[in-house]
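Have a look at the structure below, then the notes.
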Amino acid sequence: MGREWTMPGRARKAERMDGERAIIDIGSNTVRLVIYGGPPRAREVLLNEKVSARLGKGVAETGHLSAKASGSALAALARYAALLQVRGVQRVETVATAAVRDAENGADFLEAVAALGLKPRLLSGEEEATGSAMGVIAAFPDARGVVADLGGGSLELIHVDGEALARGASLPFGTLRLPALRADGPARFSRRIRKALDVAEWHCAPDESLFLVGGTYRALARPALEQHACGIDDPHGFTLSHEAAARLCRSVLRGKLPAAGSGIAASRLAALPDAAALLSVLLREINPARVVFSGWGLREGLLHGRLDPAVRRQNPLLAGVSAFTEALGSPPTVAAMVAGWTAGANPPASPVREDLRLAAIMLALASHRIEPNLRADHARDWALRKRWIGILAQDRALLAACLLANAGKASQVPALEALAPAADLADAVVWGLAVRLCRRLSGLAPQVLANSAISVEGPQLVLSLSGPYAALYADGAEKDLANLAARLNLQPSFRAT
């Protein structure tokens, strides 16, 4: 990816897992509490609870937070405060966004929140846009393009280029406002959105992406996920070309919505045509090469912005995978040794992304903590369905290809071609077959890894073992070497040194 990374290393557990942190997000649609644990660079959600108070509905209609919505929100916040006290969570951040910001009685509502023992902070539109962008940067460290965070009361836009942010803005185009804006017809709706975008001069440079944040946009991704039928059910990291995103919008606007019972709340389903209409205009005016759906946004951005610079430079994928596999009893240090050993079998001229290959190896080795009849299915689910940070859907496919090959299920890999190019999947199969050879040959014993090697020498794939360890090369290793060599279009060769 063209970026230098630092890895978590063998820090003390207290440094890697620095306790629970909580974010209370008082939004225009929902009031949500999320408690995070896990490694600081790849936070895991321990609790996620929301109440659909719809504070922004009254603001859009009257300019005030309604008594009913405020009462619902305050009841939820009282529960959250009590729950945090019971759990002993000390680090809590409470933020309020567009609905409270725009309401004439917003200050009174914040006083009521403070009376519950919380310390609410009212975010400006620019702060909200910046927080969302920081969440995208945390999830996709090489992000380049425009972040669009669609909430109930507003649409936040900001340009990102790695860690650099520019031109943050908050526009009054939240899901609670869109129905009224569309009531005058599609032409006037498009003109109004286009005029607001023209003032801010929003556009993407060639090959930049539009990162879509917010629950409504993640729900919009569902029809495309179902169409791919590839095993991924988490929209985070799912990518569509500009043209495919435009087709998705047209399909939703024609009434082709996810079926009832798909797990999408009725209020989200009802908002999808409005979100699709807005996205159609954004695609035309911002003109991204692709759209990327992000499950990380404001809340994760608030956490990311408070990390030490050294922690922020850690590779988020490796931080998350390391914590996960170590908890299963599979040390990342062993995976690093295997990665070094198997590097000799990397396909020539293959643009290997080493962090992805190392993550795949960590998961491949950890999968052997699972009983054999469940191993391949679990490993495939880890690759395709578990929330990893720092990768896209096509990267998930490469993880799955490696894990399936390691489990002896390489025949299942072609089913992943809807997500990633066949040539890239073929490279990932080589990773998995190399891990399989290394694991079964050495038993992961460090002294065997230190006294053996795999290398490409002309038309041959050569496995070398020093004299005392030559007896380890038996039928199983011979078969694994032959399978790996065949994938590389090479001849297998064994050498005792």
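Laid out as a table, the results:
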quantity: Some residue of the stretch 2-14 being modelled with pLDDT of 95 or more and of a type in the set (Asp, Glu); calculated: no
quantity: Test for residue 107: is it among the hydrophobic types (A, V, I, L, M, F, W, C), out of contact with any His (no Cβ under 8 Å at 6 or more places or on another chain), at pLDDT 95 or above and under 14 Å from residue 152 (Cβ atoms); calculated: no
quantity: Qualifying residue in the stretch 120-127 (condition: under 24 Å from the mean Cα position of the chain (by Cα) and of a type outside the set (Ser, Thr, Tyr)); calculated: yes
quantity: Residue list for the stretch 15-36, restricted to those being modelled with pLDDT of 95 or more and under 24 Å from residue 141 (Cα atoms); calculated: 21, 22, 23, 25, 34, 35, 36
quantity: In the stretch 32-55, the residues that are under 20 Å from the mean Cα position of the chain (by Cα) and part of a strand (DSSP E or B); calculated: 32, 33, 34, 35, 36, 37, 44, 45, 46, 47, 48, 49
quantity: Residue tally, condition open to solvent by 10 Å² or more (accessible area, probe 1.4 Å), within 21 Å of residue 320 (Cβ to Cβ) and touching a helix residue (DSSP H, G or I) at 6+ places or on another chain (Cβ under 8 Å), over the stretch 110-140; calculated: 1
quantity: First in the stretch 323-338 and closer than 21 Å to residue 452 by Cα, second anywhere and hydroxyl-bearing (Ser, Thr, Tyr) and buried (at least 20 other Cβ atoms within 10 Å of the Cβ), Cβ under 6 Å, 6 or more apart; calculated: 332/322
quantity: Where a residue in the stretch 476-494 is assigned to a helix (DSSP H, G or I) and open to solvent by 30 Å² or more (accessible area, probe 1.4 Å) and its partner, wherever it lies, is among the acidic types (Asp, Glu) and at pLDDT 95 or above, with Cβ under 6 Å and at least six apart; calculated: none
quantity: Lone unmet requirement of (1) open to solvent by less than 20 Å² (accessible area, probe 1.4 Å); (2) under 15 Å from residue 393 (Cβ atoms); (3) of a type in the set (Asp, Glu) for residue 156; calculated: (2)
quantity: Residue that is surrounded by the most Cβ atoms within 10 Å (Cβ to Cβ), among those in the stretch 56-78 that are modelled with pLDDT of 95 or more and within 30 Å of the chain's Cα centre (by Cα); calculated: 73
quantity: Tally, over the stretch 91-109, of residues that are within 27 Å of the chain's Cα centre (by Cα) and surrounded by fewer than 18 Cβ atoms within 10 Å (Cβ to Cβ); calculated: 2
quantity: Members of the stretch 296-313 that are closer than 25 Å to residue 394 by Cβ and modelled with pLDDT of 95 or more; calculated: 296, 297, 300, 301, 304
quantity: Hey, residue 59 assigned to a helix (DSSP H, G or I) and β-branched (Val, Ile, Thr) or not; calculated: yes
quantity: Residue ID - nearest to residue 347 (Cα to Cα), chosen from residues in the stretch 425-458 that are in contact with an Asp or Glu (Cβ under 8 Å, 6 or more places away or on another chain) and open to solvent by less than 10 Å² (accessible area, probe 1.4 Å); calculated: 425
quantity: Which listed residue is in contact (Cβ under 8 Å) with a residue 24 or more places away in the chain and either under 20 Å from residue 306 (Cα atoms) or in a loop (DSSP other than H, G, I, E, B) (or both), from 81, 99, 129, 76; calculated: 129
quantity: Lone unmet requirement of (1) within 19 Å of residue 214 (Cβ to Cβ); (2) at pLDDT 95 or above; (3) assigned to a helix (DSSP H, G or I) for residue 145; calculated: (3)
quantity: Matching entry among 280, 322, 294 (being in contact with a strand residue (DSSP E or B) (Cβ under 9 Å, 6 or more places away or on another chain) and among the hydroxyl-bearing types (Ser, Thr, Tyr)); calculated: 294
quantity: Residue pairs meeting the criteria (Cβ under 6 Å; at least 6 apart or on separate chains; first hydroxyl-bearing (Ser, Thr, Tyr), in the stretch 221-246; second at pLDDT below 95 and not in a loop (DSSP other than H, G, I, E, B)); calculated: 239/393
quantity: Test: residue in the stretch 421-430 that is part of a loop (DSSP other than H, G, I, E, B), on the phi < 0 side of the Ramachandran plot and within 23 Å of the chain's Cα centre (by Cα); calculated: yes
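The values are calculated or read from the model by the stated rules, or taken from the named source; none is laboratory data. Owing to the predicted nature of the structure, the values given are computational and were not obtained by experimental measurement. Because the Cβ atoms are built from the backbone with ideal geometry, glycine has one as well, and the counts that use them run over all protein chains shown. What goes into the accessible areas is simple: the full protein's heavy atoms, side chains included, and nothing from ligands, DNA or RNA. Shrake-Rupley method; radii C 1.70, N 1.55, O 1.52, S 1.80 Å.
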